[in-house]
Each structure stands twice: as C-alpha cells, then as structure tokens.
1. It is to be established whether one or more residues within region 304-311 are modelled with pLDDT of 95 or more, in a strand (DSSP E or B) and touching a Pro at 6+ places or on another chain (Cβ under 9 Å).
2. In region 347-365, what residues are out of contact with any His (no Cβ under 8 Å at 6 or more places or on another chain) and at pLDDT 95 or above?
3. Which of the residues belonging to region 194-252 are surrounded by fewer than 22 Cβ atoms within 10 Å (Cβ to Cβ), in a loop (DSSP other than H, G, I, E, B) and either at negative phi or in contact (Cβ under 8 Å) with a residue 40 or more places away in the chain (or both)?
4. Which of the residues spanning region 253-268 are basic (Lys, Arg) and open to solvent by less than 20 Å² (accessible area, probe 1.4 Å)?
5. Is there a residue in region 151-168 that is over 15 Å from the mean Cα position of the chain (by Cα) and without any contact (Cβ under 8 Å) to a residue 40 or more places away in the chain?
6. Of the conditions (1) over 13 Å from Arg229 (Cα atoms); (2) in contact (Cβ under 8 Å) with a residue 24 or more places away in the chain, Ala185 fails just one. Which one is it?
7. Which ones in region 34-53 are under 30 Å from the mean Cα position of the chain (by Cα), touching a residue at least 24 places away in the same chain (Cβ under 8 Å) and over 16 Å from Asn2 (Cα atoms)?
Amino acid sequence: MNPIRIGLLGCGTVGGGVVHLLRSNAEYLAQSVGAPLEVASVLVRDVDKERVPALDRARLTSDPEDVLGDPAIDVFVEVMGGVNPTRGYVERAIDTKRSVVTANKMLLAMHGPALVERAIAKGVDLAFEGSVGGGIPVVRVLREALASDWVVKLEGIVNGTCNYVLTKMRMEGLSFDAAVREAQAKGYAEADPGLDVDGHDAAHKLVVLAMLAFGARVEAGQVPTEGIRGIDPIDHRFAERFGFVIKHLAIGRDRQHGVELRVHPALVKRDTPLANVNGVLNAIALEGRALGPTLLSGRGAGDLPTAVSVVADVLDVARARRNGFAGLATRGIQMQARPLTSLDEVRGRYYLRFQVHDRPGVLARLAGALGEAGVSIEQMVQEGGGGSTGLPVEIVMLTHESVERDVRRALEAIAGSGVAASPTRLLRIQE
C-alpha cells in the first residue's frame, strides 16, 4: 500500500505529541486508514534543537519550500501556531489541493471562515478538532453528533491557565500573582501569561465554537472579553458565602436576530458540573434544542491530549483522500455573518463589591443609585466596620435580574458620587 505522506508544519509540544502517537500507534492507525501514515518532512525554525525521540531527524528542514513544494505530500498538519507566516502556508497547501489539519485557534478565529471557504472551493478538508479543548472532542460533536440538532447555548471553561489560577486562589487563598507564578513553575502558564489570563485565548476558542454551534461568522475582536486579573481572594470568599464558585467562562447564545458571545469571569452555583471542574481541566456544556443539555470534560491542553485530536483528524482526512471523498466533511460547515448582541442588552444577576468608607448614609446612597437605575438588590453583606469609623469596608450586593446597561449606569453614578473608595468589582452570575 502506498503510504499517506504527511507534511508537519511545526514540531514543538503538540507537534512532538503528534509524532509520538503516529509512531507508537503506527500499526493500528494503518489498519484504520488502509495505508501507513508516514511523516515525510517536518518544518521547524531550528533543525538542531532537541526533538522527541520518535522523530527521524533526517526529516527536519527549516526551508518551507522543502515541505510546501513537495508534490508527494498528501496531508499537511499545522501545529506552528500564530497567524504569520502560518496563514500563507495553510493557504498554499489548500490551493495545491491538499487537505490541512490544524490546532491553531488564533488563525481560525481571525481567518477561519475564509479558510473554510477556500478549502471548499478546492475540494479539500480543513480539520481543526485540536483547536478547542485539547483532547475534548467538542468540534467533532458539533460537526457530527449534533448535526441534526440546533445548538441554542454553550458555556465552557476553555482555558486551563485561568482555571488553574482561580482554583488555587479559591482553595489555597493565593493571590492572583502567586497563583500565576505557581502555574508558570508547573508549565501551565507562559512566561507572558497575558493571552490566557486576559481572556483572549478563550475568546479565540469561542469564535471557533460559534462557527460550528451557531453557523456564525464573527470578528474575534468584537467579542466582549474580560480576564481574571481583577479577581481578588476576597471575591472567592464572598462567592463561597453566597453558594457560588468563580470560573472564567466562554458563553454563547443563539438569539433570534443574532448571537450573544462573551468571555469573562462569572459566579457559578457551587453544585453545578462546571463549578466542580478544577485545575487545568476544561469543560464545555452544550444545549441542543432537541437533545437538551450535555457536558464534555477533560484535559484541555498538553502534548498528548491535543495530539489525540490532531491525529484523529489526520485519520479522517486520510480516509477521505484514499476513498475519493476529500472535502466532504468541510462542505458541511455553513456560516453567515450574524450580528452580535450588545453586552448592554444582556440580562442577568450581578455580584457587586464596593469598597466604601464606613460613614452614616453610605449604604443608602449605594441602594439609591441602584434603585434609580432600576436595579433591585436581592442580598447584601458587609465585612468590617460597624461604628462609623470612616475606614474602608467591603459591601457586597447580589442583584435581582437586571439589564447590564442599567447596572453600568448605576455604577457610573456611584463612581461620580465619591462614595466608593475604589472601583467597584462587577461579576456576572451565570445561571
């Protein structure tokens, strides 16, 4: 049997995992496809760098032309990351009618619809299971298992760094900075963790999920995105007091005239499945119109979990090529531009933490500003104070369901009144 020849673009953490799986499971994979899978060439920046033992170093090259210009390559696997020059490499592979497997959520979030359309036009596949959730098969579930249903909402913990940091802050009382340092020491966070802790990685993944779940073409930069830098240990204590856990969520809703997409930390009820997903684990809750709710959970990053998803895509693409059905799976992806619901229009309950000076009348002024904006208070607790000392105290309020625009209007009035000693911490309650 003629082998399926693979051109591997990148051989870092995930690429090394791909090579390892292809080598260790070679016999089984060949039986599954009907032909051996052979890594023909590997594009890297530094050919002298140490790589996984399973890699034949004779396959390494730093010249893109050695890989992209080889007409004998059947399938390209892109695990380089980033947008440039990666986008050009993927486009060239598609234009030469070779299918592409990628785990690049940033590339897909910024150029996914155009790349999908390009692949459809050329009759090849663009497969991207590894781009969201590591080893969690959420892309496959959306593309195949739920193809007969309509997804109405999704909520997910899709960034392991954020989940690890929040877990350590809640369980061990660590500060944000201390939790990040621990994550970095264990390899769970980059030297510059901004892409993760500021929410951008989760936003990229949400855009990819929205392509499949809601058929939506969305600009990644338009998704309202908040990170976790502003969360303090005291917020975890108050959340626990009210029966909640703080999680960083990617949230999507299908609305009648558009889609609601947002990424931010939120209070989740303590007894729900998402509240109990800890450490670096990921989880994505989907709800179909006919199916109802379902939950996928597992390791959301790392060499082998992500490689499992990438190699699964390689198998699908290789089978399709051998049997004359290349491009069939990608033709099933249908997208259109759909307007985003403004965050101002979101309705929900809110956690508001005020730091105020302990003086007579302060509480009445807070409640008055909220009431004038049409925001009703459900619960309230004060920590510290009790004697008109004038010292800063913490007051936390949970609201009844309100429109975010009204909540923001109330907070602007409070900020301008001089009542608050520091900016108010707003967290949404996800129910």
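1. There is no residue in region 304-311 that is modelled with pLDDT of 95 or more, in a strand (DSSP E or B) and touching a Pro at 6+ places or on another chain (Cβ under 9 Å).
2. Arg347, Gly348, Tyr350, Tyr351, Leu352, Arg353, Phe354, listed by residue number.
3. Asp198, Gly215, Glu219, Pro224, Glu226, Arg229, Gly230, Asp232, Phe242
4. Listed by number, the list holds a single entry, Arg262.
5. Scanning region 151-168 turns up at least one residue that is over 15 Å from the mean Cα position of the chain (by Cα) and without any contact (Cβ under 8 Å) to a residue 40 or more places away in the chain.
6. Answer for Ala185: the failing condition is (2).
7. Val42, Leu43, Val44, Arg51, Val52
Here's the yes/no breakdown for (1) open to solvent by less than 20 Å² (accessible area, probe 1.4 Å); (2) in contact with a strand residue (DSSP E or B) (Cβ under 9 Å, 6 or more places away or on another chain):
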site: Gly15; (1), (2): yes, yes
site: His20; (1), (2): no, no
site: Gln31; (1), (2): no, no
site: Pro36; (1), (2): no, yes
site: Val39; (1), (2): no, yes
site: Val47; (1), (2): no, yes
site: Glu50; (1), (2): no, no
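The values are calculated or read from the model by the stated rules, or taken from the named source; none is laboratory data. These figures come from a predicted structure and were not determined experimentally. Every residue, glycine among them, receives a Cβ derived from its backbone with ideal geometry; neighbour counts consider all protein chains shown. For accessibility, only protein heavy atoms count, side chains too; no ligands or nucleic acids. Shrake-Rupley method; radii C 1.70, N 1.55, O 1.52, S 1.80 Å.
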